[in-house]
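A.B. asks: Just passing along the structure, written as structure tokens.
The values are calculated or read from the model by the stated rules, or taken from the named source; none is laboratory data. Only a predicted model underlies this, so the values are computations on that prediction, with no experimental measurement involved. Methodologically, a virtual Cβ is constructed for each residue, glycine included, from the backbone with ideal geometry; neighbour enumeration extends over all protein chains shown. For the accessible areas, the whole protein counts, side chains as well, though only heavy atoms, and no ligand, DNA or RNA atoms are used. Shrake-Rupley method; radii C 1.70, N 1.55, O 1.52, S 1.80 Å.
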Amino acid sequence: MALATASTIPPTPRVADPPPGAPGGAAETAAAPEATGGTQPARTTHTGSLARRMMLVAAGWISILLLVGGLALDHTLTGLVTRNFDEQLGYMLTGMIGSAEIGPDGEVFFIRPLGDQRFLEPNSGLYWQIRGKGHEDFPSRSLWDRSLDVPEDHFDAKPHVYDSDQFAGEPLRVMERSIILPGSDTRWMFTVAASRKDLDEQIQMIRSILIYSFVALGVGLMLMAGLQTWYGLYPLRHVRRAIQKLRTTGAARVTEPLPQEVEPLVDELNALLAHTERQAEEARTHAGNLAHALKTPLTVLMNAATAKAPNLSDTVIREAAVMRRQVDHHLARARAVGRRAAGMSRAEVWPSLEAVLRAVERLYEQTRFDLDGNHDVSVALEKQDLEEILGNLIENAAKYGGGSVFVTVDAGDDPRYCEIWVEDDGMGIPEADRVRIFDRGARLDTEKPGTGLGLAIVRDVVEIYGGRVQLDESEDLGGLLVKLKLPRAVA
């Protein structure tokens, strides 16, 4: 019994080709290959270039790392140069303090001259000055007619260093310290200053070296990233050539050695090719089987029509019924193959089983139907195919049984399959005939109506989905036991 009737698709009518230049002729066909199923490959949309993505990521990270590293290195090197410059000022300031004494007149003087000759050269860029409140400034000769502007409103117990622009065109680095010398209550401010020209030139030279070095390093890294991208993506060109070889030479698989990262893609491609090849082979098999099945009825009709047989109408009706059964059978197989190819098939067993029983109970009101087993199991089949399988099995059990049908869901212990048992209390099938009964048109009981295609359809559809069907003897009811093993749906 087929509870879900297969819908037939009318063939596309063939029309004669219009003459060239006519509407819809060769000119329009060439202009619109998509509408006529032309051989031009369809242009697929893409999400951008892998090489461009990799280069953008590499350029971004290289730029960030070089920028951060350059700033850190610049801060470190300029800090070292500045600290070295400040240490030199500190040595001079310490020498000033160590040489300073208070004279009888209360003024400060040096008991020994400072060692750097630049203190004696006017405007040399190196200066010192001692200032005390209520006393005249004691400056170096290098200051000439100038003086260092030192604030007197604070006390620097430790050396204090800062930058100053008090001399026009000559930025200074100034270090000062407040000292109370022995024999005096005056707070003396010792100051030493040096032009920043040499310091700034050193910092500028360091930064120039860093910029040129990091630019060269960045260009080198980008070239290396480009080479790495080209070399890393080169195996994809092998895949492209291999696929082109499949299309042009008729090869069946991609067999070229490829890197490990590309192997999963190639394996999936080979699996897809194998799947497509199986589908094409199944389609050829279906077409051949259908042609073979229709040949005999057509021959009978041709012979009867040629001989002008008196029972021609009965022959036509009988042979047309045979051809219709064959067409229905092969349509069921083709529909199952197409649904399996779509993937992600899923059907709940218990609701489908209850729907089938409601339909069968109306035909066999005297038969008792019992259900048991797992209510929540799902199988990797389309619901329509599952109901067709269950409908054929349960109707056969009710038709050839003695009045009792028992269905058990998930009776097996294999976690990969859901095993459904359909038992009846009829005469059963001898073991020698349990294989032959699955052949198309095979019937052991010819007194009851039927086509002999029910079990053949069940076997074909179940095997298409990767399941199995087996006949046995029912220990509880004594009749036939059909063990149906269907693949479980992925959770």
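A.B. asks: Hey, can you tell me all the residues within region 69-123 that are open to solvent by less than 90 Å² (accessible area, probe 1.4 Å), charged (D, E, K, R) and touching a Leu at 6+ places or on another chain (Cβ under 9 Å)?
C.D. replies: Within region 69-123, 74, 101, 116 meet the criteria.
A.B. asks: Can you tell me which of 266, 254 is surrounded by 15 or more Cβ atoms within 10 Å (Cβ to Cβ), under 54 Å from the mean Cα position of the chain (by Cα), farther than 30 Å from residue 460 by Cα and modelled with pLDDT of 80 or more?
C.D. replies: Answer to the selection: 266.
A.B. asks: Give the residues of region 402-422 that are of a type outside the set (Val, Ile, Thr) and buried (at least 24 other Cβ atoms within 10 Å of the Cβ), sorted by residue number.
C.D. replies: Within region 402-422, the first condition is being of a type outside the set (Val, Ile, Thr), and the residues that meet it are 402-404, 406, 410-419, 421.
Passing the criteria: only 418.
A.B. asks: For region 46-97, how many residues are assigned to a helix (DSSP H, G or I) and more than 21 Å from residue 213 (Cβ to Cβ)?
C.D. replies: Filtering region 46-97 for residues assigned to a helix (DSSP H, G or I) gives 50-97.
Those still in the list that are more than 21 Å from residue 213 (Cβ to Cβ) too: 50-57, 83-97.
The total comes to 23.
A.B. asks: Right, another one. Take residues that are in contact with an Asp or Glu (Cβ under 9 Å, 6 or more places away or on another chain), in contact (Cβ under 8 Å) with a residue 40 or more places away in the chain and open to solvent by less than 90 Å² (accessible area, probe 1.4 Å) and tell me which of the strands (runs of 3 or more DSSP E) falling wholly in region 137-251 contain 2 or more.
C.D. replies: Filter on region 137-251 gives 172-179, 188-195.
A.B. asks: Residue check: is residue 362 charged (D, E, K, R) and without any contact (Cβ under 8 Å) to a residue 24 or more places away in the chain?
C.D. replies: yes
A.B. asks: Within the set of pairs 6+ apart or on separate chains, which have a first residue in region 370-398 that is within 20 Å of residue 424 (Cα to Cα) and in a helix (DSSP H, G or I), a second that is open to solvent by 50 Å² or more (accessible area, probe 1.4 Å) and small (Gly, Ala, Ser), and C-beta atoms under 8 Å apart?
C.D. replies: Note: pairs meeting the criteria are 388/2; 391/2; 392/2.
A.B. asks: Then there is this: Residue check, residue 253 against (1) in contact with a helix residue (DSSP H, G or I) (Cβ under 8 Å, 6 or more places away or on another chain); (2) among the charged types (D, E, K, R); (3) closer than 21 Å to residue 323 by Cβ, all met but one. Which one?
C.D. replies: The number of the failed condition is (3).
A.B. asks: Identify all residues within region 455-491 that are farther than 16 Å from residue 409 by Cβ, in contact with a Lys or Arg (Cβ under 8 Å, 6 or more places away or on another chain) and surrounded by 16 or more Cβ atoms within 10 Å (Cβ to Cβ); write none if there are none.
C.D. replies: Hits for region 455-491 are 456, 457, 460, 461, 464, 465, 471.
A.B. asks: A follow-up question, please. Inside region 257-314, can you point out the residues that are of a type in the set (S, T, N, Q) and farther than 26 Å from residue 327 by Cβ?
C.D. replies: 260, 270
A.B. asks: Something else: For the structure I just gave you, tell me whether residue 191 is at pLDDT 90 or above and more than 30 Å from residue 68 (Cβ to Cβ). Don't jump to the end; show me each part of the working.
C.D. replies: Details: at pLDDT 90 or above: yes; more than 30 Å from residue 68 (Cβ to Cβ): yes.
Taking the combined requirement at face value, the residue satisfies it.
A.B. asks: Right, here's the next one. Show the residue pairs that are 6+ apart or on different chains and have beta-carbon atoms under 6 Å apart, the first residue being within region 111-123 and in contact (Cβ under 8 Å) with a residue 24 or more places away in the chain, the second being in a loop (DSSP other than H, G, I, E, B) and of a type in the set (Gly, Ala, Ser).
C.D. replies: 118/124
A.B. asks: Which residues, taken from region 367-425, are within 16 Å of residue 356 (Cα to Cα) and of a type in the set (Phe, Trp, Tyr)?
C.D. replies: Selection gives 369, 406, 421.
A.B. asks: Still on this structure, I have one more. Out of region 346-369, which residues are under 15 Å from residue 424 (Cβ atoms), open to solvent by 40 Å² or more (accessible area, probe 1.4 Å) and in contact with a strand residue (DSSP E or B) (Cβ under 9 Å, 6 or more places away or on another chain)?
C.D. replies: If the condition is that a residue be under 15 Å from residue 424 (Cβ atoms), open to solvent by 40 Å² or more (accessible area, probe 1.4 Å) and in contact with a strand residue (DSSP E or B) (Cβ under 9 Å, 6 or more places away or on another chain), then 361, 364, 368 are the ones that fit.
A.B. asks: Counting only residues that are open to solvent by less than 40 Å² (accessible area, probe 1.4 Å) and not charged (D, E, K, R), which one in region 125-136 is nearest to residue 171 (Cα to Cα)?
C.D. replies: Per the criteria, the residue is 125.
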